[in-house]
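The values are calculated or read from the model by the stated rules, or taken from the named source; none is laboratory data. Nothing here was measured: the structure is a model prediction, and the numbers come from that model. Because the Cβ atoms are built from the backbone with ideal geometry, glycine has one as well, and the counts that use them run over all protein chains shown.
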């Protein structure tokens with residue numbers, strides 16, 4: 001029988017490594033957003049600069065949400081499982097793309113659709 005739930009395909013060391021990487025990324029992004037918000041509150045700058053700042057801030061907020069969700073999935077025991085087929089996503093893929101929600105096969109299928 002194949003295990004399809006939880007993070008049992010990842011060792012505790014691998015899971016801790018991924019959690020630490022995600023937390024570090026979250027801290028970096030959060031500091032970046034604080035800087036962007038301070039810049040936005042300054043209010044000086046051309047309309048083009050303001051638009052670029054809003055786009056950057058929106059993208060940074062989205063990244064923070066994705067990182068937070070990944071950390072929540074670790075706590076829930078669902079991190080590293082494909083959202084489509086529930087197969088375990090290999091550590092090597094998660095190390096490169098820690099926000100990956102799909103295994104390679106399902107990712108290819110989604111991109112082809």
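A few points about this structure:
- Every pair of residues 6+ apart whose Cβ atoms lie under 7 Å, when the first sits in segment 59-85 and is on the phi > 0 side of the Ramachandran plot and at pLDDT 95 or above while the second is surrounded by 13 or more Cβ atoms within 10 Å (Cβ to Cβ) and not in a loop (DSSP other than H, G, I, E, B): 80/88; 80/94
- When segment 93-113 is filtered for residues that are farther than 24 Å from residue 27 by Cβ and either surrounded by fewer than 17 Cβ atoms within 10 Å (Cβ to Cβ) or touching a residue at least 40 places away in the same chain (Cβ under 8 Å) (or both), the ones remaining, listed by number, are 104, 105, 108, 109, 110, 111, 112, 113.
- Count of segment 1-12 residues, restricted to those that are at pLDDT 90 or above and either part of a helix (DSSP H, G or I) or exposed (fewer than 15 other Cβ atoms within 10 Å of the Cβ) (or both), is 2.
- Unmet criterion (only one of (1) at pLDDT 90 or above; (2) touching a helix residue (DSSP H, G or I) at 6+ places or on another chain (Cβ under 6 Å); (3) more than 30 Å from residue 109 (Cα to Cα)) for residue 31: (2)
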